[in-house]
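Okay, so here's the structure we're looking at.
The values are calculated or read from the model by the stated rules, or taken from the named source; none is laboratory data. Quantities reported herein were computed from a predicted structural model and do not represent experimental measurements. Neighbour counts are summed over all protein chains in view; Cβ atoms, including those assigned to glycine, are modelled from backbone coordinates with ideal geometry.
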Amino acid sequence: MPAMTSFAHGDSLDPSPDAPDVRKYRTLFISDIHLGTRGSQAGALLEFLKHHHAEMIYLVGDIVDGWRLRSSWYWPQSHNDVVQKLLRQARKGSRIVYIPGNHDEFLREFYGTHFGGIEVRETALHEAADGKRYLVIHGDIFDVVVRHARWLAYLGDWAYEAALWLSGHINLMRRKLGFTYWSLSAWAKLRVKNAVNFIGKFEETLAAEAKRHQVDGVICGHIHSAAMRDFDGLTYINTGDWVESCTAVVEHEDGRMEVIRWAASSRLLNRQRPLALVPWRRRAA
Ligand SMILES: [Mn+2]
C-alpha cells in the first residue's frame with residue numbers, strides 16, 4: 001500500500017474499490033454539497049469518495065448551488081474534481097441517481113434524462129437489501145407545509161396537495177423572474193423560536209410523507225441536519241450536508257442504514273487506526 005501518502009496530498013488517482021483502505025457499501029446517499037459556494041467542503045468530500053465505494057449513489061439535492069453561481073462565479077479545482085470523480089464512478093459502473101434540490105433546480109427541467117451516465121429524477125424509491133422501501137427526496141417542497149402546517153390541516157387534503165404542487169413550481173418561477181432564492185435558514189432564524197423546533201417539524205412532515213407513499217421510510221436532505229429517527233415505525237433519515245457537518249448515509253450489504261461523519265482531522269496515514277469514521281452524534285443545538 002505505498003500509495004496511501006499520495007492520497008493525502010491530493011493525488012487525483014482513484015484507488016481501486018478493492019483496495020484495503022476503501023470501504024464498500026451497497027448504497028451511498030449524499031446531499032447539500034453546495035458546489036459553487038465558498039462554504040462547500042469539496043476537498044473533504046473528495047477524500048471521502050476515494051475511501052467509500054458503492055454500487056449505487058443517490059445525490060439527494062443541492063449538489064451544485066446554481067443560485068450562487070448566477071450572482072458570482074466561484075468554481076475552484078476541488079469542485080471540479082468532485083464532479084469528475086462522480087462522472088468517473090458512473091463510467092466505471094456505479095449507478096448514480098441525481099435528485100435535484102432547490103439550489104440546483106435548473107436540473108428540474110431534465111427529469112428522466114441522463115448526463116454522463118447520471119440519471120436525473122424528481123424522487124426515487126429505493127429498495128434496501130432487507131426489503132425495506134424508502135422514498136428518496138430532497139425535501140424543500142415541504143418547507144411550505146412546515147411553515148403553514150396549522151392552516152393546511154384546517155383546510156384539508158386538497159390544500160396540502162396544492163401547497164406541495166405550488167412549492168414545486170414556485171422557486172423555478174422566482175428564478176426565471178430573476179428573484180433571489182428564498183432562504184430557509186434565514187427564515188427559520190427569524191420566524192421560528194429556534195431551529196430545533198423547525199427541524200423537528202420538518203422531520204415529522206417528511207415521515208408523514210413516507211406514510212402517504214406507503215413506504216417504510218424517507219431519505220432526504222435540505223435542512224443540513226443529519227439524523228436517523230423512528231416515527232411510529234417509519235424511518236426518517238437525513239443525509240446532512242458537506243458545508244458544515246460533512247455527513248453521509250450508507251446502506252450496508254444487509255440493508256442496515258447508517259449515518260457517518262467524515263472527520264477531516266483524522267488523517268488516513270495511520271493504518272493501525274480505523275478509517276476516518278467516527279460515530280455520528282446529533283449536533284447539540
Ligand atoms: Mn435544499
>> Taking the condition of being away from the ligand (no atom under 15 Å from the Cβ), surrounded by 21 or more Cβ atoms within 10 Å (Cβ to Cβ) and over 12 Å from the mean Cα position of the chain (by Cα), how many residues in the range 53-68 meet it?
In response: 2
>> Quick check on the range 103-138: of everything there that is modelled with pLDDT of 95 or more, within 16 Å of the ligand (Cβ to nearest atom) and buried (at least 22 other Cβ atoms within 10 Å of the Cβ), which residue is nearest to Ser71 (Cα to Cα)?
In response: His138
> Is there any pair linking a residue in the range 76-89 that is charged (D, E, K, R) to one that is surrounded by 15 or more Cβ atoms within 10 Å (Cβ to Cβ) and part of a helix (DSSP H, G or I), with Cβ under 9 Å and at least six apart or on different chains, and which?
Replying inline: Asp81/Ala42; Asp81/Gly43; Asp81/Leu46; Lys85/Leu45; Lys85/Leu46; Lys85/Leu49; Lys85/Lys50
> Counting only residues that are away from the ligand (no atom under 16 Å from the Cβ) and in contact with a helix residue (DSSP H, G or I) (Cβ under 6 Å, 6 or more places away or on another chain), how many does the range 139-169 have?
Replying inline: 4
> Going by the structure shown, is Val243 within 15 Å of the chain's Cα centre (by Cα), surrounded by fewer than 19 Cβ atoms within 10 Å (Cβ to Cβ) and either among the acidic types (Asp, Glu) or within 16 Å of the ligand (Cβ to nearest atom) (or both)?
Replying inline: yes
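Residue by residue, here is whether (1) part of a strand (DSSP E or B); (2) under 19 Å from Met56 (Cβ atoms); (3) at pLDDT below 95 holds:
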{"site": "Thr205", "(1), (2), (3)": "no, no, yes"}
{"site": "Glu209", "(1), (2), (3)": "no, no, yes"}
{"site": "Ser245", "(1), (2), (3)": "no, no, yes"}
{"site": "Val249", "(1), (2), (3)": "yes, yes, no"}
{"site": "Glu253", "(1), (2), (3)": "no, yes, no"}
> Pairs, please: C-beta under 8 Å, at least 6 apart or cross-chain, first residue free of Cβ contacts under 8 Å to residues at least 24 places away in the same chain and in a helix (DSSP H, G or I) and in the range 146-162, second surrounded by 11 or more Cβ atoms within 10 Å (Cβ to Cβ) and not hydrophobic (A, V, I, L, M, F, W, C)?
Replying inline: Leu152/Tyr160
> In the range 79-102, what residues are of a type in the set (Val, Ile, Thr) and within 16 Å of the ligand (Cβ to nearest atom)?
Replying inline: Ile99
> Can you name the condition, by its number, that Gly139 falls short on among (1) in contact with a Ser or Thr (Cβ under 8 Å, 6 or more places away or on another chain); (2) among the small types (Gly, Ala, Ser); (3) closer than 17 Å to Ile30 by Cβ?
Replying inline: (1)
